[in-house]
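Everything on this sheet refers to the single structure shown next.
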């Protein structure tokens, strides 16, 4: 319990960083909402953005949100099955319950410390299913690389249907030529070459090759490599592909179906869902705890392409983020922390 309490405290500390990002985003939208609300003849006391967001939560269609939460758990079942397929070629028999709970603990940890979840996922799973940590980490890297490939495929699918709106967004918001002109690339290149040369001579020295650090690092790399290349020996490529498609279709549906839970977005269709999903995923990749703040910003930007006011976009981003991502990951993450040791007492 002491370790669990420590993890919970760590979560609260790092989650506050994301909350600060979200706070500044809230402040900018609050000022805009106050100005718009006052212009319609309302009293200042009736123009609180926080009250509006709370009201949007209350009036959201919670049957849709419960459905989306169920879809999210289905995606985690697909991910567990796919991860088991990566572990089996290493000569181990992974249990579903431990793999599933380790994944949920990892998602929970990512809400507090970006990317910590992958390490804790490997640590908890290795402890209870007796798979070497370095090999488990290798399979998780493979799992993430497959996700990157799936994201690229989604981008390729989205592009033909969204060249017009995305092109307009890029031309209006990104001025890459100005940003590149402000960088002195020659100094960057010289520094990079110098670092590579110094690192090469250090790593090739006999003192380093004979050191205990190198031998330990070599054993870790070998185990990591075994886990990484496990995809070459999975028992069924078609089933692996089906699980991968299932994961990302569920992710897409989580964004698209949430449109129907919120009146200002209920008219948006599948194409709008794809673009919003891609933007939101890119927000999650930003290294803030659980994508907090960055996810909200990207979803709001995506919805602005389809003429959804930023204030309504802020409410929508909060509905999908807090009702689905935070609630789902916190509840099932804590339950996994509690039940994983209990179910593995023997």
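Worth a mention:
- Test result for residue 291, buried (at least 23 other Cβ atoms within 10 Å of the Cβ), modelled with pLDDT under 90 and under 24 Å from residue 147 (Cβ atoms): yes
- Scanning segment 121-141 for residues that are in contact (Cβ under 8 Å) with a residue 24 or more places away in the chain and crowded, with 20+ Cβ neighbours inside 10 Å yields 124, 125, 131, 135, 136, 137, 138, 139, 140.
- Residue within segment 101-118 that is modelled with pLDDT of 85 or more and over 24 Å from residue 321 (Cα atoms) present: no
- The lone exception for residue 278 - which of (1) assigned to a helix (DSSP H, G or I); (2) closer than 25 Å to residue 35 by Cβ it fails: (2)
- The C-beta contact set for segment 21-42 (first residue at pLDDT 75 or above, second residue part of a loop (DSSP other than H, G, I, E, B), distance under 7 angstrom, 6+ apart or interchain) comprises 33/47; 34/47; 37/47; 38/47.
- Subset of segment 42-68 (residues that are farther than 15 Å from residue 266 by Cα and not in a helix (DSSP H, G or I)): 42, 43, 47, 48
- For residue 300, the stated conditions do not hold, so it cannot be described as farther than 20 Å from residue 73 by Cα, free of Cβ contacts under 8 Å to residues at least 12 places away in the same chain, in a helix (DSSP H, G or I) and more than 14 Å from the chain's Cα centre (by Cα).
- When we screen 268, 343 for residues that are over 20 Å from residue 150 (Cα atoms), in contact (Cβ under 8 Å) with a residue 12 or more places away in the chain and surrounded by fewer than 16 Cβ atoms within 10 Å (Cβ to Cβ), the only hit is 343.
- Evaluated against (1) surrounded by fewer than 22 Cβ atoms within 10 Å (Cβ to Cβ); (2) in contact with a helix residue (DSSP H, G or I) (Cβ under 8 Å, 6 or more places away or on another chain); (3) at pLDDT 90 or above, residue 326 falls short on exactly one condition, (3).
- Failed item, numbered, when residue 79 is tested on (1) farther than 21 Å from residue 254 by Cβ; (2) touching a residue at least 12 places away in the same chain (Cβ under 8 Å): (1)
- A count restricted to segment 104-124 and to residues that are touching a helix residue (DSSP H, G or I) at 6+ places or on another chain (Cβ under 6 Å) and either in a helix (DSSP H, G or I) or farther than 18 Å from residue 284 by Cα (or both) stands at 14.
- Residue satisfying condition, being surrounded by 23 or more Cβ atoms within 10 Å (Cβ to Cβ) and farther than 20 Å from residue 24 by Cβ, within set 281, 255: 255
The values are calculated or read from the model by the stated rules, or taken from the named source; none is laboratory data. Owing to the predicted nature of the structure, the values given are computational and were not obtained by experimental measurement. FYI the Cβ positions are ideal-geometry reconstructions off the backbone, even for glycines, and counts take in every protein chain you see.
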